[in-house]
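Enquirer: Questions regarding the structure given below will be posed in turn.
None of the figures in this text is laboratory data; all of them are computed from the coordinates on show. All values reported here derive from a predicted model rather than from experimental measurement. Note that each Cβ is placed from the backbone with ideal geometry, even for glycine, and that neighbours are counted across all protein chains shown.
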């Protein structure tokens, strides 16, 4: 279980303090899927980075399974069972896809296992195994590859920041099936930041973040009807992203 208590983040930019996250509190139960949505610039991605330790809150606490991890490093949070997929994945020149997947899994993966993870996110597996994770890969390919690295290891909690960004409709459908399977197994808690209706519809609960604050947090059936009447950035159309 994840508990977030009174999280505040006011970074200083050019001597000016900015209010990005304001006293946010929520929890994620074991096996639950929480989808976070809301207007662009509302603080969703920053919140995800605070949870993973990429940014440091000014105040508040983050507790996982009863252990305060607020001061944990990124590596310590990963060892504690937290996984994270960036909105814009990093590249690693000189590292092959197969090696990256093995590092993510924490053990040497067989070629077949690597192919299974790559196929699960819509990549033609054998064409990618020995490719380098560098600028020769498109943004969409990088996005799918990073999601595969998160899926390659069991976590207590996985955070996906706009997993639909930059991928085509076919790959998006495969990705949704992966999330549905993870949620069905109930072995991991999931936090998905998304504007896509198909992903939002999978949620147990929906949290709307606006201006750094929670403007709604409840069961899907109670929040979903109001999303179409709010400026949340929620898309009620099929995704049409470029690969």
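Enquirer: So what is the diffusion coefficient of the stretch 78-160 in µm² per second by Stokes-Einstein at 20 °C and 1.002 mPa s, using a Kirkwood Rh over Cα pairs?
Expert: D, rounded to a whole number, is 170 µm²/s.
Enquirer: In addition: Exposure proxy check: 142, 82 ranked by fewest other beta carbons within 10 Å?
Expert: In increasing order of surrounding Cβ atoms, one gets 142, 82.
Enquirer: With each run of n ≥ 4 DSSP H residues scored as -39500 (n - 2.57), what mean residue ellipticity at 222 nm is computed for the chain after dividing by its residue count and rounding to the nearest 500 deg cm²/dmol? Mind dumping the intermediate values first?
Expert: Working: 9 runs with 80 residues, N = 243.
Theoretical 222 nm ellipticity from helices: -9000 deg cm²/dmol.
Enquirer: Right, another one. Where the Cα atoms of the stretch 44-185 are projected onto their three principal axes, how long is each span, largest first, in whole Å?
Expert: 46, 31, 29
Enquirer: Next question, about the same structure. Could you list 117, 72 in order of exposure, starting from the residue whose Cβ has the fewest other Cβ atoms within 10 Å? Could the numbers behind the result be given before it?
Expert: Numbers: 117 23, 72 18.
So the residues, fewest neighbours to most, are 72, 117.
Enquirer: If I model a spin label as a point 7 Å beyond the Cα along the Cα-Cβ vector, how far apart are those points for residue 222 and residue 138 in nm?
Expert: About 4.2 nm, to one decimal.
Enquirer: Which angle from 0 to 90°, rounded to the nearest 10, does the C-alpha axis of helix 169-185 make with the longest principal axis of the chain?
Expert: Roughly 70 degrees between the two axes.
Enquirer: Rounded to the nearest 0.05, what FRET efficiency do residue 93 and residue 23 give with R0 = 51 Å and r taken as the Cβ-Cβ distance? Could you check?
Expert: E(calc), rounded to 0.05, equals 0.80.
Enquirer: Which whole-number percent is the relative contact order of the chain (Cα, under 8 Å, 6+ apart)? Walk me through the numbers before you get to the answer.
Expert: Working: 483 pairs, mean separation 66.1, N = 243.
About 27 percent, as a whole number.
Enquirer: Would you mind ranking 10, 195, 155 so that the residue whose beta carbon has the fewest other beta carbons within 10 Å leads the list?
Expert: Least to most surrounded, the residues fall as 10, 155, 195.
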